[in-house]
């Protein structure tokens, strides 16, 4: 049997889709509640309670304890709404992203069908197989981060622009600008969709629509600054942006941005699953470049993809591979569109593509499989039990892992070890002595630390009753070490 017959058979393609769906669904069960889940949830909590965002977790860092102005607006506001509707639960926040992902899947189908981009049902199956197998996508659809929301708004913007390129439909362009602006309002990285939309309209010489799109997207984007009330807020915002631990000097200079562009390949080869995604798309493009530029749908999709990739490399902080999810849908559309054509090439290229395709699915499934080992069932119950065992009382000031906010945020004033790590390392070489001194000065009655927090302070095998500054070691409680102030 020829290789083309195997890889283009309906059974093979549907099999990939079913395995991908099964892996993705299984990964949702008791999905890990991590740092991002807790950090953004606390922001939503304070917005819901006070009407503005602050943080106990990072009190003492960038004035976050008083007023946090650099948060991801729409993402946090939606979290606050979910909190009002369903109460305090890590899964309530996670379901926001899952909902957006389902909207995305439906929007893609409607877009591809209405614009007649796919002409064969197998192309839809290939697209959804690639998308649902994609490990970054699977991770983010159930993690309290804004990326899936940004991706969905970006795609909705692209769909409206594409469907009006040849029809000059102003209303669709305005709606496209609205979605691009909402992407920015969700996360400033959403700016990539404002740029990409503008580039696509200029490429199509739709100059009038370009202005409609630009003005609409900018007006909606400017809602980001609705919380800035006066010059003191401006100064605080600039301070929090300039001192953001997630940003570096490269994020504030032209030369730094250019260096990030030249170094952007790092995010595409961060790990095996990233490399398999990159190589599969690059080889598809290279071997089918003539077809891509000859086909209007493929050409416009590719231009949009490249515009996102370049802009993202220039403005995004660090080399986070998770941001690849912004342009992955357009890569998957192109691969699905050209899938059968790949098996009309020479035998050597067919085999090479088949190997890359297999590597893609195996590495993505493998990465998703790692999520099975990061489950955190009963986390809130464990935290409640740890609090009772240590004797923590309502209103006590404590230091604990960021995830301790589930479900203790309303009971205690919780601050993270990370703040003290930053402060202590700046002041003295001995983080151990400095940490316990700072914690005592900050009137933290109990300390709850992970193993790696202890390792950072070079504390090994502490003995119950042991003295550390003004604190006494109480013992191990599940994954945590407990200390009490004397």
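The values are calculated or read from the model by the stated rules, or taken from the named source; none is laboratory data. The model shown is predicted, which means the values in this text are computed figures rather than measured ones. Cβ sites come from the backbone with ideal geometry, for glycine too, and all protein chains shown count toward neighbours.
Quick notes
For (1) under 29 Å from the mean Cα position of the chain (by Cα); (2) surrounded by fewer than 16 Cβ atoms within 10 Å (Cβ to Cβ); (3) in the same structural domain as residue 123 (by TED's automatic domain parsing), each residue gets a yes or a no:
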site: 324; (1), (2), (3): yes, no, yes
site: 328; (1), (2), (3): yes, no, yes
site: 345; (1), (2), (3): no, yes, yes
site: 349; (1), (2), (3): no, yes, yes
site: 360; (1), (2), (3): yes, no, yes
site: 391; (1), (2), (3): no, yes, no
site: 396; (1), (2), (3): no, no, no
site: 412; (1), (2), (3): yes, no, no
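- Selection count, segment 42-64, where residues are in a loop (DSSP other than H, G, I, E, B) and in contact (Cβ under 8 Å) with a residue 12 or more places away in the chain: 13
- Flag for residue 463 being more than 30 Å from residue 41 (Cα to Cα) and part of a strand (DSSP E or B): no
- Residue in segment 168-179 that is part of a helix (DSSP H, G or I) and under 16 Å from residue 311 (Cβ atoms) present: no
- Considering (1) in contact with a helix residue (DSSP H, G or I) (Cβ under 7 Å, 6 or more places away or on another chain); (2) at negative phi; (3) in contact (Cβ under 8 Å) with a residue 40 or more places away in the chain, the lone condition that residue 478 does not fulfil carries the number (2).
- Residues that are under 15 Å from residue 324 (Cβ atoms) and more than 10 Å from the chain's Cα centre (by Cα) within segment 121-160 comprise 130, 131, 133, 134, 135, 138, 154, 155, listed in sequence order.
- Members of segment 352-374 that are assigned to a helix (DSSP H, G or I) and out of contact with any helix residue (DSSP H, G or I) (no Cβ under 6 Å at 6 or more places or on another chain): 352, 355, 357, 358, 362, 366, 369, 370
- Residue pairs meeting the criteria (Cβ under 6 Å; at least 6 apart or on separate chains; first in the same structural domain as residue 367 (by TED's automatic domain parsing) and modelled with pLDDT of 95 or more, in segment 306-321; second buried (at least 16 other Cβ atoms within 10 Å of the Cβ) and not in a helix (DSSP H, G or I)): 308/327; 309/327
- Answer residue from segment 116-155, given it is surrounded by fewer than 24 Cβ atoms within 10 Å (Cβ to Cβ) and either without any contact (Cβ under 8 Å) to a residue 60 or more places away in the chain or out of contact with any helix residue (DSSP H, G or I) (no Cβ under 9 Å at 6 or more places or on another chain) (or both) and is nearest to residue 91 (Cα to Cα) among those: 121
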